[in-house]
1. Under the Karplus relation 6.51 cos²θ - 1.76 cosθ + 1.60, θ = phi - 60°, what is the ordered set of whole-Hz ³J(HN,Hα) values for the stretch B:36-42, x standing for Gly and Pro?
2. In nm, what does the list of distances from A:G45 to its counterparts in the other copies look like, shortest first, when each label sits 7 Å along Cα to Cβ?
3. Given springs between every Cα pair under 10 Å in a Gaussian network model of chain A, which of A:T249, A:T32, A:T138 has the largest fluctuation?
4. Which residue is it, in chain A, that holds its beta carbon closest to the axis of the A-onto-B rotation, and how many whole angstrom away?
5. Determine the shape class of the stretch A:234-381: with a ≥ b ≥ c the square roots of the Cα gyration tensor eigenvalues, call it rounded for a/c under 1.5, and otherwise prolate if a/b is greater than b/c, oblate otherwise.
6. Got a sec to turn the phi values of the stretch B:25-32 into Karplus ³J(HN,Hα) couplings, 6.51 cos²θ - 1.76 cosθ + 1.60 with θ = phi - 60°, whole Hz, x for Gly and Pro?
7. Going by how many other Cβ atoms sit within 10 Å of their own, how do B:C63, B:C200 line up, fewest first?
8. Work out the length of the dipole vector of chain A about its Cα centre, built from +1 on the beta-carbon of each Lys and Arg and -1 on the beta-carbon of each Asp and Glu, and round it to the nearest 20 debye.
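Please treat every number below as a calculation from the coordinates, not as lab data. Only a predicted model underlies this, so the values are computations on that prediction, with no experimental measurement involved. We place every Cβ from the backbone using ideal geometry, glycine too, and count neighbours over all the protein chains shown.
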2 protein chains.
Amino acid sequence: MFDFTFHNPTKIIFGADKEALIGSELSGAGITRVLLVYGRNSVAGSGLLDRVIASLGKSNIACSQFGGVVSNPLLSHTREGVALAKRDKVEAILAVGGGSVLDEAKAIAVGALAEEDVWQFFTGKEVERALPIFTILTLAATGSEMNGNSVITNAETRQKYNISSPHAYPRVSILNPELTHSVPLDYTAYGAVDAIAHVCEGYFTKQPGTHLQDRLVEGIIKTVIETTELIMAEPAHAKARASFMWTATLALNGLTPAGIGAYSFPNHMIEHALSGIYNIPHGAGLSIVMPAWMKWYLPQNPGQFARFAREIFGLDSGEAGIAALEQWFVKINSPVRLAEVGIAAADIGTIAKNAEGLARQWGIGGIYPKATIAEILRLAV
Amino acid sequence: MFDFTFHNPTKIIFGADKEALIGSELSGAGITRVLLVYGRNSVAGSGLLDRVIASLGKSNIACSQFGGVVSNPLLSHTREGVALAKRDKVEAILAVGGGSVLDEAKAIAVGALAEEDVWQFFTGKEVERALPIFTILTLAATGSEMNGNSVITNAETRQKYNISSPHAYPRVSILNPELTHSVPLDYTAYGAVDAIAHVCEGYFTKQPGTHLQDRLVEGIIKTVIETTELIMAEPAHAKARASFMWTATLALNGLTPAGIGAYSFPNHMIEHALSGIYNIPHGAGLSIVMPAWMKWYLPQNPGQFARFAREIFGLDSGEAGIAALEQWFVKINSPVRLAEVGIAAADIGTIAKNAEGLARQWGIGGIYPKATIAEILRLAV
């Protein structure tokens, strides 16, 4: 165990139809005007947007609408949102959607109270304040509903950068698992990969000996695998969708790394370079990067890989555990080779250079120079 | 999975010497005058109290001292604390000690802002406000450092009752595991029993099928067992004390029951009657009650007891798992029979009647009439 501070003040309201409470939650916090941030078709088509607006109306909360958030949310669109939030003098940001919508909403919340351009906070400037953030989650994957992280892509520079700030924790996040019943199976699989990746980063790169945290991680991974398989067989499996949703939240809410000391995010570092250039889903990129990284990293932490193999798959070697995870990604139809998403081996040099830039920004450049990243990616050819 | 709300805003600061931060944490919250609540000799003798007062002084925080909290904290002493908090117009309560000190500090925080006598909040009146609560924990057991619970004993009526309120969550809790190195092994064992009991209540009395929460509970129990054995062999085992401390916090901070639906607290209900009458340590009472309750309850949930036996002890029957837990309590020198703490079988009727009163107050009287409680306690003779 190492020193840590844990402070996660987000209130989670979990259950069917709970989005109807958003108006009273906002008015209870003294909010009278929000910017409603959402994506493209699904939230409007499903009737969710109408239900949310009705709840706001009942509580006399004025609402400016800002749709059009895309997967891998863009800085250019975020800037438009910031301008709208400032113009309409909103008092809070309400995100309705998946992780991309939540991440962009957080960036808008930060930008709305800043004089500087919002990108400065993604390139080193400390976040000192943000508008209160409220969310209604429609896709389980990123954990953004209960953390202070936001990842935004600058399409001009091909940089996919993040902020992590106490000011970016949602005040309230509403998780209605029924809203996820219609998530397509490919995006469900990518969400499963993402949740597993979130807990694996610390599990494998920390020092050994923090068994409580290991057990929490193993419980999360086993539950993701179990519930994903139930959902693949029956997409509207209510119990599995619900359990999957809460598990994905716990996978990146600060619980599993509390006390483990220093650790790093090599898979995310490499993957952000992939999806920053090729605009593939984050989870699809991760299922390509993770087995490759694990094969490369295995000799640095053989004991933990042996433990992973035993606890997750009941297998007796680190190599077998990595192979089982890769096969499980194949089973749920998430890609495990670069060619499956149309990336040529010849592009590895470019990706590695981009990833090294990210590593520098995160302060872990020394660990993964571009030659190493290229070596890892060649294991995914 | 069932609907739930999870909201735990307590900030945990974990690590060596972190009590030195208490002054800056209080002043950062705008506090200028506190009531410092503590127990008897240990916090003064160890120099901790002086260090805390020095930290307050550095941040120009005035301090009224209120010592003398006892194990199974008393209503009469709580009332004195409320009077002192009102007289000195303190703006926050700072608890330095174990679960008993924290519980009484919470009760004082509630009473200090009320016109009514504080006992009314333990007998049904809703808590609507409390002074901000800050804690420095010296004994890992109750989880009070990260929840809204407080248990107080009315010595006149022999009632050990509790409040559970969002207003009673500490704002900040400082956990320095080094402060627990000198905890005697008997109280360490009682803390281990208490943490295991906290997670077992929901694990066994909920409906089946919430596997994530089962896994979180199992990870907590396995870690409590592992770290307690290390501590028994080496009382100042730094890693084990640290891991044990954080594990005990997670055992009752709302994490493990989130999503499990309805569950009950039969072991605590029965034990509170024991320690309310006989003033034995809560953990000692629990290690007597739990094996008896488990033997009695086994036929009502055989699947979960089989799971418990397999996951915790690698055994293949529910009976064997219960026996293994009872033997483990014996191994750590926590009592498992009433006679070990001087309670005669002839007293069971009185205890059962008292426990039924508690059950009525908690609204679960229908489940455990006094005849049933007596039947359970006879298994501990």
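1. Ordered by residue, 3J(HN,Hα) equals 8, 9, 8, x, 10, 7, 4 Hz.
2. Result, one decimal in nm: 7.2.
3. Maximum fluctuation in the GNM of chain A, among the listed residues, is at A:T32.
4. A:P9, 2
5. On the way: a/c = 1.41, a/b = 1.28, b/c = 1.10.
Note, shape of the stretch A:234-381 comes out rounded.
6. Calculated HN-Hα couplings, in order: 5, 5, 5, x, 8, x, 8, 10 Hz.
7. Placing the least packed residue first, the sequence is B:C63, B:C200.
8. So the magnitude is around 300 debye.
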